[in-house]
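Enquirer: Quick one: the structure is below, questions incoming.
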Amino acid sequence: MPSDRLPRDGGVRPSETRTEMTWIVMPGQTNALGTVFGGQVMAWIDVCAAVSAQRFARCTVVTAGMDSLNFRAPMRQGNIAVLRASVNWAGHSSMEVGVRVEREDAITGERTHTSSAYLTFVALDSRGNKVRLPTLSPETDEEIRRHHEAEMRREARLRHKEDVKNRRAAR
């Protein structure tokens with residue numbers, strides 16, 4: 001990575017992980033109502049998020065989980081699907097990527113927020129071992145907010161995992 005792109009502390013800026021992908025919604029991607037299958041949206045989200053994670057890690061990444069996929073509005077055949085992703089938080093070998101999905105009317109250009117998701121990725125070497133990630137260096141108020149909220153989601157996931165473990169042990 002060129003030194004002029006590095007923040008003072010040597011980390012990677014979230015802006016360097018930004019990814020935008022677009023697709024035209026085709027008939028084979030829609031259900032009987034003419035709206036996109038939820039699974040299709042999930043697949044698009046996973047690909048967009050993976051590109052963002054790979055831009056950050058600069059190695060192979062795999063999806064470890066997807067949180068909070070919420071569908072807010074339908075996307076129809078002929079709409080343009082617009083997905084935007086960036087890395088929100090990074091630990092030693094895992095990172096959170098946020099993805100926002102919008103539908104764009106191909107004629108008017110009007111965009112509507114249709115769904116959002118948060119995904120966790122793990123960085124791996126060629127043998128499948130975890131790789132230590134670079135530091136994520138949020139700079140803008142928005143990036144700092146996203147970083148803080150990602151930390152809260154991570155803490156909630158870890159608490160939930162511990163609660164499930166404790167409930168199983170109590171049986």
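The values are calculated or read from the model by the stated rules, or taken from the named source; none is laboratory data. These numbers were taken from a predicted model, which means no experiment stands behind them. For neighbour counting, all protein chains shown are included, and Cβ atoms are generated from backbone atoms with ideal geometry for every residue, glycine included.
Enquirer: Inspect segment 31-42 for any residue being within 14 Å of the chain's Cα centre (by Cα) and either modelled with pLDDT under 95 or of a type outside the set (Phe, Trp, Tyr) (or both) and give the result as yes or no.
Expert: Start the filter on segment 31-42 by keeping residues that are within 14 Å of the chain's Cα centre (by Cα), which leaves 41-42.
From what is left, the residues that are either modelled with pLDDT under 95 or of a type outside the set (Phe, Trp, Tyr) (or both) are 41-42.
Yes, some residue in segment 31-42 is within 14 Å of the chain's Cα centre (by Cα) and either modelled with pLDDT under 95 or of a type outside the set (Phe, Trp, Tyr) (or both).
Enquirer: For segment 13-33, what are the residues that are of a type in the set (A, V, I, L, M) and under 30 Å from Thr135 (Cβ atoms)? I'd like the intermediate steps shown before the answer.
Expert: Residues of segment 13-33 that are of a type in the set (A, V, I, L, M), as a first pass: 21, 24-26, 32-33.
The one that is of a type in the set (A, V, I, L, M) and under 30 Å from Thr135 (Cβ atoms): Met21.
Enquirer: OK, next. If I filter segment 121-148 down to residues being closer than 17 Å to Gly65 by Cα and touching a residue at least 60 places away in the same chain (Cβ under 8 Å), which single residue comes out as surrounded by the most Cβ atoms within 10 Å (Cβ to Cβ)?
Expert: Phe121
Enquirer: Sort out which residues of segment 67-86 are touching a helix residue (DSSP H, G or I) at 6+ places or on another chain (Cβ under 7 Å) and within 19 Å of Ala156 (Cβ to Cβ), and write them in order of number.
Expert: If the condition is that a residue be touching a helix residue (DSSP H, G or I) at 6+ places or on another chain (Cβ under 7 Å) and within 19 Å of Ala156 (Cβ to Cβ), then Asp67, Leu69 are the ones that fit.
Enquirer: Which condition number does Pro2 fail, the rest of (1) at pLDDT below 95; (2) surrounded by 13 or more Cβ atoms within 10 Å (Cβ to Cβ) being met?
Expert: (2)
Enquirer: Quick check on Arg18: is it under 27 Å from Arg127 (Cβ atoms), surrounded by fewer than 16 Cβ atoms within 10 Å (Cβ to Cβ) and modelled with pLDDT of 95 or more?
Expert: Values: under 27 Å from Arg127 (Cβ atoms): no; surrounded by fewer than 16 Cβ atoms within 10 Å (Cβ to Cβ): yes; modelled with pLDDT of 95 or more: yes.
For Arg18, the condition - under 27 Å from Arg127 (Cβ atoms), surrounded by fewer than 16 Cβ atoms within 10 Å (Cβ to Cβ) and modelled with pLDDT of 95 or more - is not met.
Results for (1) part of a strand (DSSP E or B); (2) closer than 18 Å to Val41 by Cβ; (3) touching an Asp or Glu at 6+ places or on another chain (Cβ under 8 Å), shown as yes or no for each residue.
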site	(1), (2), (3)
Gly78	no, yes, no
Trp89	yes, no, yes
His92	no, no, no
Val97	yes, yes, no
Arg100	yes, yes, no
Thr114	yes, yes, yes
Tyr118	yes, yes, yes
Ser126	no, no, no
Leu133	no, no, no
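Enquirer: Is there any pair linking a residue in segment 59-79 that is farther than 22 Å from Met26 by Cα to one that is exposed (fewer than 13 other Cβ atoms within 10 Å of the Cβ) and of a type in the set (D, E, K, R), with Cβ under 7 Å and at least six apart or on different chains, and which?
Expert: Matching pairs, first to second residue: Cys59/Asp125.
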